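One structure, as structure tokens, below. Some questions next.
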Amino acid sequence: MTETPLRLVVIVGSHRAGRFAPTVSRWLLGQLEQHPEYEVDVVDVAEAGFGVEGPSPTASLPTLEAAGASAPRMEAADAFLVVTPEYNHSYPAALKSLIDWHRTQWMAKPVGFVSYGGRSGGLRAVEHLRQVFAELHAVTVRDTVSFHSAHEQFGPDGEPVEPEGLASAAKALLDQLGWWAGALRKARAEKPYLPASTGV
């Protein structure tokens, strides 16, 4: 465990009305309670105002205003954990908007993924996200947690029907993310990360 908590931003990546993201996110936050090394902040694209994907019960702020409000929270992060569904073999437009409106906030920091969907469990969205975060000089961790046929994985009470295996997978992901977060925080403190190119 590090001397001071690792600042973890959990990004809820779906904006759609009737989305399943709150169920998955509640489960994840429950798992994080077992990991006191993390200080958790939640950035939800549906509440923060990053884009609209179909009818939504939440009002969207102008994107520039949303980016300005979230930037300090993202800058303070030591690590990120993205909760994403899979839409048409990829990830949501609102999530891409949040990613693109930030740049230096991602650099030299680890990113983990919790995905959900149909048969693929959202893993195709994760593979696309890995490419995007590589361009942003972030480090994506190997292990993920994925919910295949997600609606069947949770009971009416919102709890997983097979919690033991999921808890084990979550622990592996969070331990791995914590290792990278601690190592990269130390590295950034010793020598600022200055990439040769930050794109356009």
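A short reminder: the numbers here are calculations on the coordinates, not readings from a lab. Being a predicted model, the structure only gives us computed values, none of them experimental. Positions of Cβ are backbone-derived with ideal geometry, glycine not excepted, and every protein chain shown enters the neighbour counts.
Check the straight Cα-Cα distances from residue 191 and name the lysines below 20 Å, setting aside those fewer than 8 residues away within the same chain.
Straight-distance partners of residue 191: 109.
How many times 2.2 N^0.38 Å is the alpha carbon radius of gyration of the chain? Let's see the in-between values first.
On the way: Rg = 16.2 Å, N = 200, 2.2 N^0.38 = 16.5 Å.
Output field value: 0.98.
Out of all DSSP beta bridges with both ends in the chain, state the antiparallel percent to the nearest 5. Kindly include the intermediate steps, with their values, before the conclusion.
Values: 2 of 25 bridges.
Expressed as a percentage, antiparallel bridges in the chain total about 10.
Within the range 88-108, name every residue whose backbone N is under 13 Å away from a label modeled 7 Å from Cα of residue 128 along the Cβ vector.
88-97, by backbone N distance to the label point.
Based on the mean of other beta carbon atoms within 10 Å per residue, what is the order of 86-98, 141-153, most packed first?
Working: 86-98: 19.9, 141-153: 17.0.
The most tightly packed comes first, giving 86-98, 141-153.
Oh, and also: For residue 39, list long-range residues whose amide hydrogen, built 1.01 Å from N in the peptide plane, is under 5 Å from its own amide hydrogen.
6, 7, 8
What FRET efficiency do you get for residue 159 and residue 40 if R0 is 22 Å and r is their Cβ-Cβ distance, rounded to the nearest 0.05? If you can, show how the numbers build up before the last one.
Working: r = 20 Å, r/R0 = 0.90.
Result of the calculation: an efficiency of 0.65.
Further question: HN-Hα J couplings of the range 75-85 from phi, Karplus 6.51/-1.76/1.60, θ = phi - 60°, integer Hz, Gly and Pro as x?
Taking θ as phi minus 60°, the curve returns 4, 6, 5, 9, 7, 10, 10, 9, 9, 9, x Hz for the range 75-85.
Still on this structure, I have one more. How high is the relative contact order of the chain, in percent, counting Cα pairs under 8 Å that sit 6 or more residues apart? Mind showing how you got there, number by number?
Values: 357 pairs, mean separation 42.2, N = 200.
Answer for the chain is 21 percent.
Using Cα pairs closer than 8 Å and at least 6 residues apart in sequence, work out the relative contact order for the range 111-162, in percent. All intermediate terms of the calculation are to be shown ahead of the outcome.
Details: 62 pairs, mean separation 22.8, N = 52.
Answer for the range 111-162 is 44 percent.
Which whole-Hz couplings ³J(HN,Hα) result when phi for each residue of the range 38-46 is put into the Karplus expression 6.51 cos²θ - 1.76 cosθ + 1.60, θ = phi - 60°, listed in order with x for Gly and Pro?
9, 10, 9, 10, 10, 10, 9, 4, 6
Next up: So what's the net charge close to residue 135: Lys and Arg +1, Asp and Glu -1, counting the other residues with Cβ under 15 Å from its Cβ?
On the way: positive: 96, 103, 109, 130; negative: 100, 127.
Cβ neighbours under 15 Å give a net charge of +2.
While we're looking at this one, here's another question. In whole Å, how far is the Cα centre of the range 143-200 from that of the range 77-129?
If we compute the Cα centre of each part, the gap is 11 Å.
Follow-up question, since we're still on this one. Sticking with the crude label model, points 7 Å out along Cα→Cβ, report the distance from residue 102 to residue 76 in nm, one decimal please.
It works out to 1.2 nm between the two label points.
Right, next: Taking the Cβ-Cβ separation of residue 29 and residue 196 as r and a Förster radius of 35 Å, what is the calculated FRET efficiency to the nearest 0.05? Each step should come with its number before you reach the end.
Working: r = 38 Å, r/R0 = 1.08.
For R0 = 35 Å, the calculated efficiency reads 0.40.
Follow-up question, since we're still on this one. Applying the Karplus parametrisation 6.51 cos²θ - 1.76 cosθ + 1.60 with θ = phi - 60° to the phi angles of the range 126-136, what ³J(HN,Hα) value in whole Hz is obtained for each residue in order, glycine and proline being reported as x?
Coupling constants for the range 126-136: 4, 5, 5, 5, 4, 5, 5, 5, 4, 5, 8 Hz.
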